[in-house]
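The structure under discussion appears below in the form of structure tokens.
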């Protein structure tokens, strides 16, 4: 009879390749644009002032809720929304938000490609049809 080996999976190779992919993404043009946009936002006094004002209004809202001063909340929410709209209208903030969305989209795309490729390879290796997302495994076929 064959001896059972330690069944703990060895993920080292996969994790090393994942780190290499992470390095590629971290050095991508999208991340470089994000860093530039972040520097612009961090270095802009008006933007930082608005961010600080927004934080203060958020704290004020929490305090009003805690004190159950519900009649004052709509006015503070209105002021908070005005500050947020003003912040969102600033071009460098829009650029920063767009770079965040671009990176998120890239990460989601990479995740989907990995998941779909692994699934397809498993399906094909079991004699299945990736077009129908079915393996040829009798266990997978249920009528």
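The values are calculated or read from the model by the stated rules, or taken from the named source; none is laboratory data. All of these numbers come straight from a predicted model, not from anything done at the bench. Note that each Cβ is placed from the backbone with ideal geometry, even for glycine, and that neighbours are counted across all protein chains shown.
Between a first residue in region 104-128 that is under 18 Å from residue 18 (Cα atoms) and a second residue that is loosely packed, with under 13 Cβ neighbours inside 10 Å, which pairs have beta carbons less than 7 Å apart while being 6 or more apart in sequence or on different chains?
Going by the 7 Å Cβ cut-off, there are no qualifying pairs.
Going residue by residue through region 75-96, is there one that turns out to be closer than 28 Å to residue 19 by Cβ, surrounded by 13 or more Cβ atoms within 10 Å (Cβ to Cβ) and modelled with pLDDT of 95 or more?
Within region 75-96, one or more residues are closer than 28 Å to residue 19 by Cβ, surrounded by 13 or more Cβ atoms within 10 Å (Cβ to Cβ) and modelled with pLDDT of 95 or more.
Of all residues in region 50-65, which are under 21 Å from residue 100 (Cα atoms) and without any contact (Cβ under 8 Å) to a residue 12 or more places away in the chain?
52, 55
Of all residues in region 66-76 being outside any loop (DSSP other than H, G, I, E, B) and touching a helix residue (DSSP H, G or I) at 6+ places or on another chain (Cβ under 7 Å), which is nearest to residue 97 (Cα to Cα)?
It comes out as 76.
Of the residues in region 77-109, how many are over 30 Å from residue 24 (Cβ atoms) and in a helix (DSSP H, G or I)?
So the count comes out to 12.
Residues that are within 30 Å of residue 76 (Cβ to Cβ) and touching a residue at least 60 places away in the same chain (Cβ under 8 Å): does region 21-37 have at least one?
Within region 21-37, the subset within 30 Å of residue 76 (Cβ to Cβ) is 37.
Checking the rest, the ones that are also touching a residue at least 60 places away in the same chain (Cβ under 8 Å) come to 37.
Yes: one or more hits.
Out of everything in region 110-128 that is surrounded by 13 or more Cβ atoms within 10 Å (Cβ to Cβ) and part of a helix (DSSP H, G or I), what residue ends up being modelled with the highest pLDDT?
Here the residue is 110.
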